[in-house]
Amino acid sequence: MFATSTLPFIKKRIEQELKQEILMGTNYYGCVKNQFPQSFTVNSHDELEALIETLSELSTQTRIHLGKKSFGWKFLGQWNGGKYYQTREQFEVFVQTLQIKNEYGNDITFEEFKDLLDIQGRSHYEEVQSGEINIGHRFCYQIDGLDFADYEFS
């Protein structure tokens, strides 16, 4: 039990951490779940084979960077070389197979994560295309309304 005098300090610290997470931006990662969803939507045998291969590969990895949400910006997805998804729909199906965590170790539901994808803000892709942001030789894409970067960022 906390002494009454420490409660304002704890409340202030929590508010500071929440503000930092919102203003500084937060990275999101996917970790392999112990159990996978009971069903998947796939449109062909090739898609099924690719999904099985990806899930097998993921079982040996600890986490995959999914992207980052920063205050005032749209979500910036990590393209990961296009290895796991090529469309927004594939990205969402892929993310559903994972346990989503933020960089602070907090679990995030798929619904919460999906909400992050729809928050409007400045577009990394549009800023790069207009020359407002110079990322050198790195690549930035916009696919089905989502911005993706194919380079390491945090």
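The values are calculated or read from the model by the stated rules, or taken from the named source; none is laboratory data. Just so we're clear, the structure is a prediction, and the values are computed from it rather than from any experiment. Here the Cβ positions follow ideal geometry from the backbone for every residue, glycine too, while neighbour counts run over all protein chains shown.
Restricting GLY72, GLY82 to residues that are over 23 Å from GLY25 (Cα atoms), touching a residue at least 24 places away in the same chain (Cβ under 8 Å) and more than 13 Å from the chain's Cα centre (by Cα) narrows the list to GLY82.
Can you tell me which residue within region 144-154, out of those that are touching a Leu at 6+ places or on another chain (Cβ under 9 Å) and either at pLDDT below 80 or under 15 Å from LYS68 (Cα atoms) (or both), is surrounded by the fewest Cβ atoms within 10 Å (Cβ to Cβ)? Outline the logic, then answer.
Restricting attention to region 144-154, the residues satisfying the condition of being touching a Leu at 6+ places or on another chain (Cβ under 9 Å) are 145-149, 153.
Among the residues that remain, those that are also either at pLDDT below 80 or under 15 Å from LYS68 (Cα atoms) (or both) are: 146-149, 153.
Values: LEU146: 20, ASP147: 23, PHE148: 22, ALA149: 20, PHE153: 14.
Residue satisfying both the conditions and the ranking: PHE153.
Residues are listed down the side, and each one gets a yes or a no for (1) at pLDDT below 75; (2) in a helix (DSSP H, G or I); (3) within 22 Å of ASP150 (Cα to Cα):
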position	(1), (2), (3)
GLY30	no, no, yes
SER39	yes, no, no
ASP46	no, yes, no
GLU49	no, yes, no
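Inspection of region 117-133 finds no residue satisfying the criterion of being at pLDDT 90 or above, in a strand (DSSP E or B) and among the aliphatic types (A, V, I, L, M).
Taken together, the criteria exclude TYR104 from residues that are assigned to a loop (DSSP other than H, G, I, E, B), modelled with pLDDT of 90 or more and under 26 Å from SER123 (Cα atoms). Restricting region 122-143 to residues that are touching a residue at least 24 places away in the same chain (Cβ under 8 Å) and surrounded by 13 or more Cβ atoms within 10 Å (Cβ to Cβ) leaves a set whose member that is farthest from PHE94 (Cα to Cα) is ARG122. Taken over region 62-91, the residue count meeting the criterion of being in a loop (DSSP other than H, G, I, E, B), surrounded by fewer than 21 Cβ atoms within 10 Å (Cβ to Cβ), at pLDDT 90 or above and in contact with a strand residue (DSSP E or B) (Cβ under 7 Å, 6 or more places away or on another chain) is 1.
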